[in-house]
Each structure stands twice: as C-alpha cells, then as structure tokens.
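Step one of this worksheet: look at the structure below.
The values are calculated or read from the model by the stated rules, or taken from the named source; none is laboratory data. Everything numeric in this text was worked out from a predicted model, so none of it was measured. So basically every Cβ, Gly included, is an ideal-geometry build from the backbone, and we count neighbours across all protein chains shown.
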Amino acid sequence: MSRHQFDLVQCMKQPGTHIGLLCLSCDGRCPICDSMVKPQAKVRICDGCHSGHLSKRCILCSSHLGEDAESGTPAYYCYECVVQEKHREGCPRITNVGSSKADMVFNKRKGQGLIT
C-alpha cells in the first residue's frame, strides 16, 4: 500500500502479539509491497493498533470487519519482504487516510450540500 501512495503513513511501533487482519478487498496483499504472491509470515501489530475500535478494522484500508471481525482474514508478509527483513521494521498499520480518499469524502459532502 505504501509503495504506490506516498502520502500514507504507517504506525511503525514495536509489534506485539496481535495478528493483523485484512478485509475481503485487501485479502492476500503484503502490507509492505502490495505483492500477492508467496505469503510467508503473519503480520503482527502493536498493542495501540489493536485496542479500541481499531481491532475490528482492516490494517490497510480501515474497512470495518464486523462486530467480531468475522470477515477478516490474517495478513501475511510476502517471501521477498521476509528475506529482506522488512517485516521486522515495525507495525504496518496505515494510520492516516490518503489525500485521494479525503478528497472523495469532501467532494461527496459538497455534492450533498453539507458544505458550502
């Protein structure tokens, strides 16, 4: 995700014991390089990214996964990121929304007449 959109910021804190979850649209993606081949190691996220409402959201696009995260699937790093040890850099959760998504929300509100 961060490879294609440079305005996205990852958490990068020390990973904990919690496993990151992905939604159905992001399923199979490596959170570092967006590769969809050779899943190797499970993604671990920090305690801060697993607490509260964030525990039921996709780590890449922040889509809601349901009340018990029943539609979430575990995230995996690809083989290349494991070999290059990019999976040890920190928590890969995206902490902000990109400018394109923010613009979409703004234009949607402007079209509905909520913003003048």
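Kindly indicate whether any position in segment 56-78 is in contact with a Pro (Cβ under 8 Å, 6 or more places away or on another chain) and of a type in the set (Phe, Trp, Tyr). Scanning segment 56-78, I find at least one residue that is in contact with a Pro (Cβ under 8 Å, 6 or more places away or on another chain) and of a type in the set (Phe, Trp, Tyr), so the answer is yes. Considering segment 81-109, the residues that are out of contact with any strand residue (DSSP E or B) (no Cβ under 9 Å at 6 or more places or on another chain) and modelled with pLDDT of 75 or more include one that is surrounded by the fewest Cβ atoms within 10 Å (Cβ to Cβ), namely GLU85. SER71 meets the conditions (1) within 20 Å of MET12 (Cα to Cα); (2) modelled with pLDDT under 90 in every case but one. The failed one is (1).
Here's a check for you: in segment 29-74, which residue that is more than 24 Å from PHE6 (Cα to Cα), part of a loop (DSSP other than H, G, I, E, B) and hydrophobic (A, V, I, L, M, F, W, C) is farthest from the chain's Cα centre (by Cα)? So the residue we want is ALA69.
Among the residues of segment 29-47, those that are crowded, with 16+ Cβ neighbours inside 10 Å and either in contact with a Phe, Trp or Tyr (Cβ under 7 Å, 6 or more places away or on another chain) or not aliphatic (A, V, I, L, M) (or both) comprise ARG29, CYS30, PRO31, ILE32, CYS33, SER35, PRO39, VAL43, ARG44, CYS46. Once segment 12-28 is narrowed to residues that are within 10 Å of the chain's Cα centre (by Cα) and part of a loop (DSSP other than H, G, I, E, B), the residue that is surrounded by the most Cβ atoms within 10 Å (Cβ to Cβ) is GLY20.
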